[in-house]
1. Which residues, counting only those in the stretch 86-98, are surrounded by fewer than 17 Cβ atoms within 10 Å (Cβ to Cβ) and under 24 Å from Thr40 (Cβ atoms)?
2. Taking Ala50 as meeting all but one of (1) near the ligand (Cβ under 10 Å from one of its atoms); (2) within 8 Å of Ala110 (Cα to Cα); (3) touching a residue at least 60 places away in the same chain (Cβ under 8 Å), write down the number of the exception.
3. Which residue pairs have Cβ atoms under 9 Å apart, sit 6 or more places apart or on different chains, and have a first residue in the stretch 22-47 that is within 12 Å of Val108 (Cβ to Cβ) and free of Cβ contacts under 8 Å to residues at least 40 places away in the same chain and a second that is charged (D, E, K, R) and away from the ligand (no atom under 15 Å from the Cβ)?
4. Looking at (1) surrounded by 15 or more Cβ atoms within 10 Å (Cβ to Cβ); (2) more than 10 Å from the ligand (Cβ to nearest atom), can you tell me which one Ile37 breaks?
5. Check Trp94 against each of (1) closer than 24 Å to Lys32 by Cβ; (2) touching a residue at least 60 places away in the same chain (Cβ under 8 Å) and name the one condition it does not meet.
6. Exactly one condition in (1) buried (at least 16 other Cβ atoms within 10 Å of the Cβ); (2) closer than 25 Å to Asn11 by Cα is not met by Leu69; state its number.
7. Is there a residue being among the basic types (Lys, Arg), touching a strand residue (DSSP E or B) at 6+ places or on another chain (Cβ under 9 Å) and part of a loop (DSSP other than H, G, I, E, B) anywhere in the stretch 33-40?
Amino acid sequence: MKKELIDFRINGDDRGSLIALEENSNVPFDVKRVYYIFNTKDKVRRGFHAHKDLKQLAICVSGSCKFLLDDGKEKETVELNSPEQGLLLEGLIWREMFDFSKDCVLMVLADAYYDANDYIKDYKVFLKMSKNDS
Ligand code: T46
């Protein structure tokens, strides 16, 4: 399973904390796009897709949520509950997000502009592609 959590350095002082994200530094790619998911309703699951070619870094800047990651062989659940940590999503990984807390703000940095054609939304197609990939 290609799962990587990145710990960010906190610039803390008696006023509080600040984290800086820099492309090709603690963000391991060129950043083309940032989006954030918030106000997620109770019991909602999102995602249900993989990407053909996209690197992303997901950070729960407020609250918490969980990711189910599936590479076609193994499944793993990762909880994001800290603005100090980012989940790197790259390669052929099916993802589902769930258990969003009311205050969850999930921010995602991506290395490409939005492209609906990059999505694999059919799980059977994903499984076939993941077999060919390995
Ligand atoms: C991913 C997970 C973690 C845009 O117009 N631009 C964008 O950059 C994005 C990400 C979405 N959209 C539109 C497309 C849909 O009409 O916003 C709507 C909701 O997007 P979607 O249903 O794809 O959201 P999620 O939460 O299922 O998935 C998102 C990302 O799309 C996806 O790349 O890896 O978060």
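1. The answer is Glu96, Phe98.
2. Answer for Ala50: the failing condition is (2).
3. That search, which allows pairs on different chains as well, returns nothing.
4. Looking at each condition in turn, Ile37 falls short on (2).
5. So the condition that Trp94 fails would be (2).
6. Only one criterion is unmet by Leu69, namely (2).
7. No, the conditions are met nowhere in the stretch 33-40.
Read the figures in this text as sums done on the coordinates, not as results from a lab. Here the structure is a predicted model, which is why all the values come from computation and not from measurement. Positions of Cβ are generated from backbone atoms using ideal geometry, with glycine treated the same way; all protein chains shown enter the neighbour counts.
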